[in-house]
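**Student:** Below you will find the structure I want to go over with you.
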Amino acid sequence: MSIIVQKFGGTSVADSQKILSAARKAIRAKNEGNQVVMVVSAMGKTTDVLVDLAGQISDDPPAREMDMLLSTGEQVTVALMAMAINSLGHEAISMTGGQLGIRTDSTHTKARIHSIDSQRIHAALDGGKVVIAAGFQGVDESSNITTLGRGGSDTTAVAIAAAVGAASCEIYTDVDGVYTTDPRLVPEARRVPRISYDEMLELASLGAGVMHNRSIEFAKRFGATVHVRSSFSDDAPGTVISSQPESLTRPVCGAALIKDEAWVTVQGVPDRPGAASTIFSKIAGKKIGMDMIVQNVGAEGQADISFSVFRADLARTLKAVEEACEELGAGTYTCDDNVSKVSVVGLNMATQTGVAERMFRALAEKGINLQMITTSEIKISVLVAREYAVEALRTVHEVFGLSQPPEDAEETQPEEPLADKGRNGVLARLHGMEDLIIDEISLDVSQARVTLPGVPDTPGLAAQVFDEIAESGTIVDMIVQSIGRQGQAALSFTVAKEHLEKCLGIATSLAEGFGGQKPTSSPEVAKLSVSGIGMRSHTSVAQRTFQSLADNGINIEMISTSEVRMNVVVDGQHGHKALELLQKEFKEAMA
Ligand code: ADP
Ligand code: ASP
Ligand code: MG
């Protein structure tokens, strides 16, 4: 008999009628001959209400007690759902995270799942019951209640689906699938029939709240296909999340926004190995996730290091930065917490010219300044002033034509089931279900770097630079831009070595035009790429990379991180040594 996991989010269980309607969906699946596990969230806005209540009592409530409080929301729903199934003439049993055998680490409010002992679930299913699982919670080794982070019921659902070997995992929510961007912000957004794991992972971690990003890590890791569907209409086709993208050619599949971001630039960091890792280890030590890390080669033996964090994490981040500056005996910082991050994501952008340029140009035409830029093979992120956030999102959505389906949409084939033997082997060895998995560490010595220091911080400059470069037919690989000294920006990018001279020429004449400093370049850089699952949600990956290279005297010139890949650029002569070091550092996580 097949097992089906059905997850219902907060809006889908917001009142008694909705609970009964969800119960009917489960019963229908059961009557079709399946065993059914329901995973449910807290009703409506219950979790928000609980968070707010805690805030009225204390500015800084103990994380353990937060988890004790928040887990009650889901406990209400499971009990009511079991009653609903019962009242409709079927047997059900509700279970909390602990009763489900979900073991987590002890990082309260952001716990990671270590293991699920599925025996009790199987026993209840075999006894003919519908199992009603409380989403978003587990217990640690000492039986303390933990929660997985806001939106974490998706992760519970996919993790249970993986643990019990479910035939399908259906996520019922208040939209009828995954859209090209949040339809509440951009009404022209289009539902996509399918999206790949990597694209969904990036979109989710870059702000697409429709799925918890760690649920997609699980799905990819275990090869589980996830089906996102509407709770409120039965025949809507929804979106299938699997290894297949919607299009094999269109460069961008979706756009996302994180409204409340902040950036920090630490200036005057000694430009020597180890300085950056001192800063990052302090931040990683507080389990704060950084994004958009940019290190720009500085003047007079000093470097500027910039990164973005969630605005809510800024105060703790600055504390960590202060500690690091004190330890280094150098450095000051500037920051801005009035910014938003707008990103576009797509598997096919890596092989096409001018994708970044189109985005930068469209934003420049609206007069929107780009305060920070980072790109990786699969995404481009920019920071803009918060007042322009939604306009920027709409602009990029429009420029990539996302409201229209791609021309090759029909040609992609339906998903095959994928039991990936290699990964399952690793999983058997790994202690934690959510541990970091590294698929590959690779070295690319075909690139050169160009840096434009002292770029005026005004709209349109990045567009101008990449406009001319794209026109010359050059594919730009990595782009980073940050704000450094005296409010000026520094812009670095890599291109294939044979294009260096041409691109340096373009950069030099542009710099003369806007009165910037003379561009610098490195004719031979080594780009190391670490790809896998959980690259960014494991907050220590960047820090471990910096540390292991620093300990061996290798300085990082550029870095970009994404959920599925981290790229670092080092001096060309250190490429092979750096590869060896990273292979050693991440040995235990290699698939
Ligand atoms: P649930 O309570 O069911 O987990 P969420 O509120 O967490 O629901 O997620 C659904 C919401 O996510 C939608 O109402 C929508 O506004 C928002 N959203 C953000 N980005 C996207 C996207 N790309 N596609 C669909 N919905 C999105
Ligand atoms: N109730 C939790 C939240 O609101 C978990 C979830 O709904 O996924 O964040
Ligand atoms: Mg959700």
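**Student:** Mind pulling the angle between the C-alpha long axis of helix 500-513 and the longest principal axis of the chain? Nearest 10 degrees, somewhere in 0 to 90.
**Tutor:** Computed tilt is about 80 degrees.
**Student:** Taking only the alpha carbons of the range 39-115, what extent do you get along each of the three principal axes, in Å, biggest first?
**Tutor:** Over the range 39-115, Cα extents along the principal axes are 46, 30, 13 Å.
**Student:** So, one more: Output wanted: per-residue J couplings in Hz (rounded whole) for the range 183-189, from phi through Karplus 6.51 cos²θ - 1.76 cosθ + 1.60, θ = phi - 60°, x for Gly and Pro.
**Tutor:** Those phi angles translate into x, 6, 9, 10, x, 6, 4 Hz.
**Student:** Please sort by residue number the GluC sites (Glu not before Pro) in the range 287-366 whose DSSP state is loop and whose Cβ has at most 12 other Cβ atoms within 10 Å.
**Tutor:** Details: sites: 300, 322, 323, 326, 327, 357, 365; in loops: 300.
Counting only loop positions with at most 12 other Cβ atoms within 10 Å, the GluC sites (Glu not before Pro) in the range 287-366 are 300.
**Student:** Which value in nm describes the separation of the simple spin-label points at residue 472 and residue 64, placed 7 Å from the Cα toward the beta carbon?
**Tutor:** According to this spin-label approximation, the distance is 6.1 nm.
**Student:** Can you give the translational diffusion coefficient of the range 460-591 in µm²/s, computed by Stokes-Einstein from the Kirkwood radius over Cα pairs at 37 °C and 0.692 mPa s?
**Tutor:** 201
**Student:** Give or take rounding to whole Å, what are the principal axis extents of the alpha carbon atoms in the range 7-137, in descending order?
**Tutor:** Computed over the range 7-137, the largest-to-smallest principal extents equal 49, 33, 16 Å.
**Student:** Around residue 217, under 9 Å between beta carbons, what's the net of Lys plus Arg minus Asp minus Glu among the other residues? List each step's numbers first, then the result.
**Tutor:** Values: positive: 214, 220, 221; negative: 434, 563.
Result for the neighbourhood of residue 217: +1.
**Student:** In this model, which of 25/129; 287/379; 379/502; 220/259 are farther than 20 Å apart at the alpha-carbon? Intermediate results must be reported in sequence, preceding the final value.
**Tutor:** Details: 25/129 15 Å; 287/379 24 Å; 379/502 25 Å; 220/259 27 Å.
From the list (25/129; 287/379; 379/502; 220/259), the Cα-Cα distance tops 20 Å for 287/379; 379/502; 220/259.
**Student:** Just to confirm the filter: which chymotrypsin sites (Phe, Trp or Tyr not before Pro) across the range 495-591 are DSSP coil and have at most 13 other Cβ within 10 angstrom of their Cβ?
**Tutor:** Working: sites: 514, 546, 586; in loops: 514, 586.
When the chymotrypsin sites (Phe, Trp or Tyr not before Pro) of the range 495-591 are filtered for loop state and at most 13 Cβ neighbours within 10 Å, nothing remains.
**Student:** Which lysines does residue 584 reach when only Cα atoms under 16 Å apart count, and residues fewer than 8 places away in its own chain are ignored?
**Tutor:** Candidates past the 8-residue exclusion: nothing left.
**Student:** In addition: In the chain, what % of DSSP beta bridges are antiparallel (nearest 5)?
**Tutor:** On the way: 83 of 112 bridges.
Around 75 percent antiparallel, to the nearest 5.
**Student:** Calculate the dipole size of the range 516-591 relative to its Cα centre from +1 charges on Lys and Arg beta carbons and -1 charges on Asp and Glu beta carbons; express the result in debye to the nearest 20. Mind showing how you got there, number by number?
**Tutor:** Values: 8 positive and 8 negative charges, 25 e Å.
My answer is approximately 120 debye.
**Student:** Using only the alpha-carbon atoms of the range 189-303, report the extent along each of the three principal axes, biggest first, to the nearest angstrom.
**Tutor:** Its Cα atoms span 63, 31, 27 Å along the three principal axes.
**Student:** For Cα pairs less than 8 Å apart in space and 6+ apart in sequence, what is the mean separation divided by the residue count of the chain, i.e. the relative contact order in percent? Intermediate values should be presented prior to the final figure.
**Tutor:** Working: 1419 pairs, mean separation 73.9, N = 591.
Normalised by residue count, the contact order of the chain is 12 percent.
**Student:** Moving to a separate point now. Farthest toward the dipole's positive end in the range 24-113, which of 50, 89, 109, given Cβ charges of +1 (Lys, Arg) and -1 (Asp, Glu) about the Cα centre?
**Tutor:** The Cα lying farthest towards the positive end belongs to 89.
**Student:** Ok, one more. Rounded to two decimal places and with Rh computed the Kirkwood way over Cα pairs, what is Rg over Rh for the range 273-380?
**Tutor:** My calculation of the ratio gives 1.01.
**Student:** For the chain, report the convex hull volume of the alpha-carbon atoms normalised per residue, in Å³, without decimals. Could you put the intermediate results ahead of the total?
**Tutor:** Working: hull volume 86.3 nm³, N = 591.
Enclosed volume per residue, from the Cα hull, is 146 Å³.
**Student:** Something else now. Equivalent-ellipsoid semi-axes (√(5λ), Cα gyration tensor) for the range 240-286, whole Å, largest first? List each step's numbers first, then the result.
**Tutor:** Working: eigenvalues 272, 45, 35 Å².
So the equivalent ellipsoid measures 37, 15, 13 Å along its semi-axes.
**Student:** Continuing with this model, one more query. Evaluated at 20 °C with a viscosity of 1.002 mPa s, what Stokes-Einstein diffusion coefficient in µm²/s does the range 316-359 have when Rh comes from the Kirkwood expression over alpha-carbon pairs? Walk me through the intermediate numbers first.
**Tutor:** Working: Rh = 14.2 Å.
Estimated via Stokes-Einstein, D reaches 151 µm²/s.
**Student:** While we're looking at this one, here's another question. So how strong a dipole does the chain carry about its Cα centre when Lys and Arg Cβ are +1 and Asp and Glu Cβ are -1, to the nearest 20 debye? Spell out each step's value before the answer.
**Tutor:** Numbers: 53 positive and 75 negative charges, 215 e Å.
Charge dipole of the chain: 1040 debye, to the nearest 20.
**Student:** Considering only DSSP states other than H, G, I, E and B, which GluC sites (Glu not before Pro) in the range 1-99 qualify as loop sites with at most 13 other Cβ atoms within 10 Å? Provide the component values of the computation, followed by the final result.
**Tutor:** Details: sites: 32, 65, 74, 91; in loops: 32, 91.
Counting only loop positions with at most 13 other Cβ atoms within 10 Å, the GluC sites (Glu not before Pro) in the range 1-99 are 32, 91.
**Student:** What do you get for the angle between helix 275-285 and the principal long axis of the chain? Use alpha-carbon atoms, 0 to 90 degrees, nearest ten.
**Tutor:** The two axes meet at around 10 degrees.
**Student:** Note down the Stokes-Einstein diffusion coefficient of the range 452-506 in µm²/s, whole number, using a Kirkwood radius over alpha carbon pairs, 25 °C, and 0.890 mPa s. Walk me through the numbers on the way to the answer.
**Tutor:** Details: Rh = 11.7 Å.
Translational diffusion coefficient: 209 µm²/s.
**Student:** Rg and Dmax of the range 116-198 over Cα atoms: what are they, in angstrom?
**Tutor:** Spelled out, the Cα radius of gyration and Dmax of the range 116-198 are 16.3, 49 Å.
**Student:** Right, something else. Can you give the local net charge around residue 14? Use residues other than it whose beta-carbon is closer than 11 angstrom to its beta-carbon, Lys and Arg +1, Asp and Glu -1. Before the final figure, lay out the partial values.
**Tutor:** Numbers: positive: 18, 45; negative: 15, 174.
Charge balance in the 11 Å sphere: 0.
**Student:** If you average the C-alpha positions of the range 512-591 and of the range 18-75 separately, how far apart do those two centres end up, in angstrom?
**Tutor:** Each part's Cα centre sits 40 Å from the other's.
Each value in this text was obtained by applying a stated rule to the coordinates, not by laboratory testing. A quick note: this is a predicted structure, and the numbers were derived from the prediction, not measured. Note: ideal-geometry Cβ built from the backbone for every residue, glycine included; neighbour counts use all protein chains shown.
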